């Protein structure tokens, strides 16, 4: 299999973090409320052929059992790649043994020429090293022949897969059309039954009361954090794409990347920071509710106001220290110590920005608590 040498450009990484969520939001908003003609889609079928056709996903999408043909071929590719990696290790070991034997021959010959050892002492040493050289050369040749055989095998399996995919790419419109016609002929009766149930909104009734205490500032902060939380949520889809590429590159093409893992753990770190305000808005942070849940709404609001001092100390400290980290990183244009060398200052900028969003949401929640207390006391 050919080696994949693609390295994600820095500009594409940062642009993807900005543009991918916006594009996803636009597509989802555009399709809200639209009725679909059917559940079988030719674009989706082609998408599956491109991204997962090597295991027959496009066939399975069309409920075609011929997709199972691809699975043993793909398993053969995986097995062959394991053998190729093992053969490369054997070549490396045999080559090192050969270099060591050649070095020992030259060393003994030089020692003999310099009079450091006698000819009678040097002869068996040189002969032994020459035998090791002969054995090592044979091992190198055997390992290379073995690697070439496995390489030819994987190329054949890859070519067979590409041939089957090319045939399916031509047949896919007809297969999709016939599958869609079959789906239309399947009559399904859907019975709707009204079942009374309690819907868990994830927010306690008292919190609903607090959320009702809104003004222009709190509404603005809530909207900003709602948008930010939804925005960074789409980064998880980027992780699926990147790790999918990493797995295929590593196990199918024997070409692991030097950027996939680093790019994703940095992205998830920024996601964690930016989502803090959104989680607070929806009352999703972990807390001890054994006593708190037993309080009345007014007592809950009073408790939140008293304990908010610790929250503001934490967020203000995080903003200050985070800004120092960002400023120092930006001044020296800090990059990671890996081969990829991604810029670190945008990542560290997420610390004060995320803390600021969290602080604003905390202020919003505090104002709602105060408004609730004032209303309850008739102020």
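The values are calculated or read from the model by the stated rules, or taken from the named source; none is laboratory data. All values derive from a computational prediction rather than experimental measurement. As a convention, Cβ positions derive from the backbone with ideal geometry for all residues, glycine included, and neighbour counts pool all protein chains shown.
Observations
- Residue satisfying all of: in the range 154-167; within 18 Å of residue 86 (Cβ to Cβ) and buried (at least 17 other Cβ atoms within 10 Å of the Cβ); modelled with the highest pLDDT among these: 157
Every residue, every condition in (1) part of a helix (DSSP H, G or I); (2) under 30 Å from residue 7 (Cβ atoms); (3) in contact with a helix residue (DSSP H, G or I) (Cβ under 6 Å, 6 or more places away or on another chain), yes or no:
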{"residue": "255", "(1), (2), (3)": "no, yes, yes"}
{"residue": "307", "(1), (2), (3)": "yes, no, no"}
{"residue": "312", "(1), (2), (3)": "yes, no, no"}
{"residue": "355", "(1), (2), (3)": "yes, no, yes"}
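- Qualifying residue in the range 36-58 (condition: in contact with a helix residue (DSSP H, G or I) (Cβ under 7 Å, 6 or more places away or on another chain), closer than 30 Å to residue 334 by Cα and either assigned by TED's automatic domain parsing to the domain that holds residue 262 or in a helix (DSSP H, G or I) (or both)): no
- Matching residues, the range 294-317, being more than 12 Å from residue 372 (Cβ to Cβ), under 40 Å from the mean Cα position of the chain (by Cα) and either surrounded by fewer than 13 Cβ atoms within 10 Å (Cβ to Cβ) or in contact (Cβ under 8 Å) with a residue 12 or more places away in the chain (or both): 307, 308, 309, 310, 311, 312, 313, 315, 316, 317
- Test for residue 365: is it modelled with pLDDT under 95 and either within 38 Å of the chain's Cα centre (by Cα) or not in a strand (DSSP E or B) (or both): yes
So that you can scan it fast, the table gives a plain yes or no per residue for (1) under 18 Å from residue 18 (Cα atoms); (2) surrounded by fewer than 17 Cβ atoms within 10 Å (Cβ to Cβ); (3) not assigned by TED's automatic domain parsing to the domain that holds residue 73:
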residue: 250; (1), (2), (3): no, yes, yes
residue: 255; (1), (2), (3): no, yes, yes
residue: 263; (1), (2), (3): yes, no, yes
residue: 272; (1), (2), (3): yes, yes, yes
residue: 277; (1), (2), (3): no, no, yes
residue: 282; (1), (2), (3): no, no, yes
residue: 285; (1), (2), (3): no, yes, yes
residue: 292; (1), (2), (3): no, yes, yes
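- Residues of the range 274-293 that are within 23 Å of residue 360 (Cα to Cα), in contact (Cβ under 8 Å) with a residue 24 or more places away in the chain and either assigned to a helix (DSSP H, G or I) or touching a helix residue (DSSP H, G or I) at 6+ places or on another chain (Cβ under 7 Å) (or both): 274, 275, 276, 277, 278, 279, 280, 281, 283.
- The lone exception for residue 73 - which of (1) within 24 Å of the chain's Cα centre (by Cα); (2) in the same structural domain as residue 161 (by TED's automatic domain parsing); (3) touching a residue at least 24 places away in the same chain (Cβ under 8 Å) it fails: (1)
- Filter result for residue 68 (more than 30 Å from residue 129 (Cβ to Cβ), assigned by TED's automatic domain parsing to the domain that holds residue 145, surrounded by fewer than 17 Cβ atoms within 10 Å (Cβ to Cβ) and modelled with pLDDT of 90 or more): yes
- The sole residue among 106, 127, 83, 116 that is surrounded by 13 or more Cβ atoms within 10 Å (Cβ to Cβ) and either assigned by TED's automatic domain parsing to the domain that holds residue 168 or more than 42 Å from the chain's Cα centre (by Cα) (or both) is 83.
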